[in-house]
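**Student:** This is the structure, below, for whatever I ask next.
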Amino acid sequence: MALALNLLSCSSMASITTTSTKTTIPEPMRRRRSAVVFKASASSDQSDKVDGSSSRRKDDKPAFNPFGFVTDNPSSRNAIQLEETPAEDGNVGQMLYRIEDKGKDYGSYIKSGKFRWFVRETGSSWSRCGTIVFLHGAPTQSYSYRVVMAQMADAGFHCFAPDWIGFGFSDKPQPGYGFNYTEEEFHEEFDKLIEVLGIKSPIFLVVQGFLVGSYGLTWALKNPSKVSKLAILNSPLTSASPVPGLFQKLRIPLYGEFTCQNAVMAERFIEAGSAYVLKLEKADVYRLPYLASSGPGFALLDAARKADFKDISSRIATGFSAGRWDRPILIGWGVSDKYLPRSEAEEFQKGNPDAVKVKLIEGAGHMPQEDWPEKVVDALRAFL
């Protein structure tokens, strides 16, 4: 009996061994299983008018893909591949070395209070038309304004675009150690930065995006005397503004911790809100902070969990209404935004029709400054 069991066991093991040696990996999977490979191509900083659907492979199959959470959009699929000889492409550290200086156009580090900000600057204090401060939203960075601020400087403006604390190339303090990523703290540190930069009020303020973008608008409501004109690019403006899935996921315990460490999160967010796909050398820049450390992911996580999105949007809608705000406002709205409908801009304008002007930007999505910077520049020059 024991002999029979031993023979049966050996036979089963042999069968398992034989089966495992014959297992093959489908060709599409073999091409995607390596480390992240960045492929930058020489191109201008103009918007990438590439339809996302056109870059999908016709032979893609719906079979289970363990890398699906980072390969389910065209840009990420092309950036994360399995090469025939992955060792030649190096590890993540070597890849970071190759791209670590990307995306710092017009920028430098500025010490303000306890923190070091990364601030882009174009033009000079002698610029004849005044000073513009550009504020980005989450989960992106000031890199999105690089083309707009360069062209606005050519038009005679002095331009600044900081990365908020916790984002882009600015400091990313651990939550609870000197910075808690609350609205009040973002405002306090931004006030200190303006003073260090020597920016004289009033300024032209340009704001775009969710979360920290909204904090730019609530800062303006607290400091109306410091703002002469306000331009708002696609941002939540009403109490009914929808909250993108990314921020909803971040608020879920444990799942949020996993989501915030997805290195391609920012580029996926940008592409999901637009009709276009980022070129890889630009996707590299949005990806870089999240690859370099866990800091920006946890900063975003903490900020998203402490924000009351509905309350913030309600305060914005009320604060900029007639009788409360009398300075000119331009709404530059990318009509192809997949996060916020065009009705957001129209409803906001109804609340203060004398002060608010709406300029629709055809062909642009959630980030008009990235999709069609030339059209944004035209709208800003006419307004400012």
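**Student:** In what order, largest first, do Trp126, Trp372 sit by accessible area if the probe radius is 1.4 Å?
**Tutor:** Listed by decreasing accessible area, they come as Trp126, Trp372.
**Student:** Follow-up question, since we're still on this one. Enumerate the calculated ³J(HN,Hα) couplings along the stretch 183-198 in order (Karplus 6.51 cos²θ - 1.76 cosθ + 1.60, θ = phi - 60°), each rounded to whole Hz, writing x wherever the residue is Gly or Pro.
**Tutor:** Each residue's phi maps through the Karplus curve to give 4, 4, 5, 4, 4, 4, 5, 5, 4, 5, 5, 4, 5, 5, 6, x Hz.
**Student:** Which shape class, rounded, prolate or oblate, goes with the stretch 307-384 when its Cα gyration tensor gives a ≥ b ≥ c as root eigenvalues, a/c under 1.5 marks rounded, and past that a/b bigger than b/c marks prolate?
**Tutor:** Oblate, since a/c reaches 1.5 and b/c is not below a/b.
**Student:** Any idea what the relative contact order of the stretch 237-384 is, in percent, if you count C-alpha pairs under 8 Å spaced at least 6 apart?
**Tutor:** 28
**Student:** Let me ask another. What number comes out for the charge environment of Tyr181, summing +1 per Lys or Arg and -1 per Asp or Glu over other residues with Cβ under 11 Å away?
**Tutor:** -2
**Student:** Hey, another quick one. Please list 136-144, 205-213, 275-283, 181-189 highest first by mean number of surrounding beta-carbon atoms within 10 Å per residue.
**Tutor:** Top of the packing list down: 136-144, 205-213, 275-283, 181-189.
**Student:** Packing-wise, with mean Cβ within 10 Å as the measure, how do 116-122, 241-247 rank, highest first?
**Tutor:** 116-122, 241-247
**Student:** Working out 0.36 nm times the residue gap between Thr182 and Phe258, then minus their Cα-Cα distance, what length gain in nm do you get to one decimal?
**Tutor:** Result: 25.2 nm gained on full extension.
**Student:** If you rank Asp337, Asp154 by how much accessible surface each has, with a 1.4 Å probe, what is the order from largest down?
**Tutor:** Correct descending sequence by accessible area is Asp154, Asp337.
**Student:** Amide H neighbours of Ser235 under 5 Å, counting only residues 5+ apart in sequence or on other chains, H built in-plane at 1.01 Å?
**Tutor:** Gly209
The values are calculated or read from the model by the stated rules, or taken from the named source; none is laboratory data. In this text the structure is predicted, and so the values were computed from the model without any measurement. In this analysis, Cβ positions are derived from the backbone assuming ideal geometry, glycine residues included, and neighbour counts consider all displayed protein chains. Side chains included, ligands, DNA and RNA excluded: accessible areas come from the protein's heavy atoms. Shrake-Rupley method; radii C 1.70, N 1.55, O 1.52, S 1.80 Å.
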